[in-house]
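First the structure, in the form of structure tokens, and then the observations on it.
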Amino acid sequence: MKFFIDTANLDEIKELNDLGILDGVTTNPSLMAKVGVQGRENVLKHYKTICEMVDGDISAEVISTDFEGMLREGKELAALHNNIVVKVPMTRDGIKAIKAFSEMGIRTNCTLIFSVGQAILAAKAGASYVSPFLGRLDDVSTDGLSLIEDLVLVFANYGFDTEILAASIRHPMHIVECAKIGADVVTCPGSSIDKLFNHPLTDIGLAQFIADYKKVEG
Ligand code: G3P
């Protein structure tokens with residue numbers, strides 16, 4: 001399973017990248033706003049900086065909602081760096097744009113996926129990734145993980161190359177459950193990844209080893 005971080009925060013990206021376990025980064029307009037990047041030029045510069053930091057796929061989202069605008073923006077983003085994957089929303093124009101990008105050899109991530117039907121459309125259009133938002137489905141009292149399960153089954157049935165990128169991860173058990181189901185990628189906030197490290201028995205065990213070694217040393 002590939003591990004992406006879902007943030008535009010350069011410090012968070014660097015911290016995880018330095019651990020050597022980062023396979024890529026996803027961003028979205030809300031995450032860019034959160035770190036205070038302003039103006040088109042600075043947005044493009046920020047994406048480029050992330051691409052130069054991380055050797056992996058970096059999702060950069062288009063803001064346009066019409067086909068022509070998405071194409072124009074997507075081409076501009078893809079030209080920034082080979083690591084860029086153009087993130088496109090799940091709409092009719094979005095699907096048309098994904099098809100056009102796939103014919104141009106530009107990789108895409110179809111975002112805001114909430115149903116199997118939407119994911120099938122994106123896969124058929126040639127999306128490199130689909131991003132089902134499991135936390136947001138949980139938020140409206142449905143079962144986000146069951147969507148991931150259904151996508152793994154359906155994509156295997158037809159041998160789709162599109163990778164399932166589980167997004168809107170809210171806690172470490174989302175990550176573990178996605179791994180059990182077989183999602184290709186999870187994109188997580190740094191806080192959820194941090195929590196994977198912790199186990200009280202590890203802390204107790206390490207304290208004991210250190211105390212005992214002190215006896216060995218005399
Ligand atoms: O990658 C999509 C993700 O950022 C959405 O997460 O927590 O805003 O639902 P969230």
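Could you list, in sequence order, all residues of segment 22-52 that are closer than 20 Å to ASN82 by Cα and not in a helix (DSSP H, G or I)? LEU22, ASP23, GLY24, VAL25, THR26, THR27, ASN28 - these are the residues of segment 22-52 that are closer than 20 Å to ASN82 by Cα and not in a helix (DSSP H, G or I). Looking only at segment 162-215, residues that are touching a Phe, Trp or Tyr at 6+ places or on another chain (Cβ under 9 Å) and loosely packed, with under 10 Cβ neighbours inside 10 Å come to 0 in all.
Of the helices (runs of 4 or more DSSP H) lying entirely inside segment 53-143, those containing at least 3 residues that are aliphatic (A, V, I, L, M) span 67-78, 92-104, 116-125. Residues that are within 12 Å of the ligand (Cβ to nearest atom) and of a type in the set (Asp, Glu) within segment 90-143 comprise ASP138, ASP139, listed in sequence order.
Quick check on this structure: which one of ARG107, ARG92 is under 30 Å from SER192 (Cα atoms) and of a type in the set (Lys, Arg)? Give the derivation first.
Working: ARG92 fails: under 30 Å from SER192 (Cα atoms).
Matching residue, one of ARG107, ARG92: ARG107.
Of the residues contained in segment 25-38, one or more are found to be surrounded by fewer than 16 Cβ atoms within 10 Å (Cβ to Cβ) and away from the ligand (no atom under 16 Å from the Cβ).
Condition check for LEU77 on (1) touching a Ser or Thr at 6+ places or on another chain (Cβ under 9 Å); (2) touching a residue at least 12 places away in the same chain (Cβ under 8 Å); (3) farther than 17 Å from VAL130 by Cβ: one failure, at (1).
Among the residues of segment 156-213, those identified as under 16 Å from PHE3 (Cβ atoms), away from the ligand (no atom under 16 Å from the Cβ) and among the aliphatic types (A, V, I, L, M) are VAL176, ALA179, ILE181, LEU196.
Considering segment 169-188 alone, what residues qualify as being part of a loop (DSSP other than H, G, I, E, B) and more than 12 Å from the chain's Cα centre (by Cα)?
Kept after step one, since they are part of a loop (DSSP other than H, G, I, E, B), are these residues of segment 169-188: 169-171, 182-184.
Correct list: ARG170, HIS171, GLY182.
Every number here is computed from the coordinates shown, using simple stated rules; none is lab data. Note that the coordinates shown come from a computational prediction; the quantities given were computed from them, not determined experimentally. Because the Cβ atoms are built from the backbone with ideal geometry, glycine has one as well, and the counts that use them run over all protein chains shown.
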